[in-house]
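Report on one structure; see the data block that follows.
All of the numbers you see were taken from the coordinates with simple rules; none came from a lab. Computed from a predicted model, the values in this text were never measured in an experiment. Here Cβ is always computed from backbone atoms with ideal geometry, including for glycine, and neighbour counts include all displayed protein chains.
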Amino acid sequence: MEELEVLFEDNHLIAVNKSPGAISQGDKTGDEPLGEFVKEYLKKKYDKPGNVYLGVVHRLDRPVSGVMLFARTSK
């Protein structure tokens, strides 16, 4: 996957641009879902050693591009 394009980020949400062909959540193909790339981005940016919480707020189909919104907290 190309570099992650972060459109908005605060303590509660992160919005990224989903390119066509990327998947919103895991499926039987085994391709890495977009959320995993976002988790890696957050781990690196904030130097987090453990797991990073990321909630999928909605999904976009594989061929569709657009804004994907993720929750950074469970609240």
Relative contact order for the chain, counting Cα pairs under 8 Å that sit 6 or more residues apart, in percent: 38 percent
Between 0 and 90°, nearest 10: helix 34-45 axis offset from the chain longest Cα axis: 30 degrees
Nonlocal amide H pairs with residue 13, under 5 Å, H built at 1.01 Å: 72
Furthest towards positive pole of dipole, 60, 15, 50, structure part the chain, Cβ charges: 50
Extension reserve of the residue 52-residue 7 stretch, reckoned as 0.36 nm per residue once the Cα distance is removed: 14.3 nm
Read-out P(r) over Cα pairs in 5 Å bins from 0, in percent, derived from the coordinates shown; its label in [x] 3, 15, 22, 20, 12, 14, 10, 3; [y] 3, 15, 30, 28, 16, 7, 1; [z] 3, 15, 25, 25, 18, 9, 4, 1, 0: [y]
Set of lysines with alpha-carbon distance to residue 75 below 19 Å, sequence-local pairs under 8 removed: 39
Electrostatic dipole magnitude of the chain [Cβ: Lys, Arg +1; Asp, Glu -1; Cα centre; debye, to 20]: 300 debye
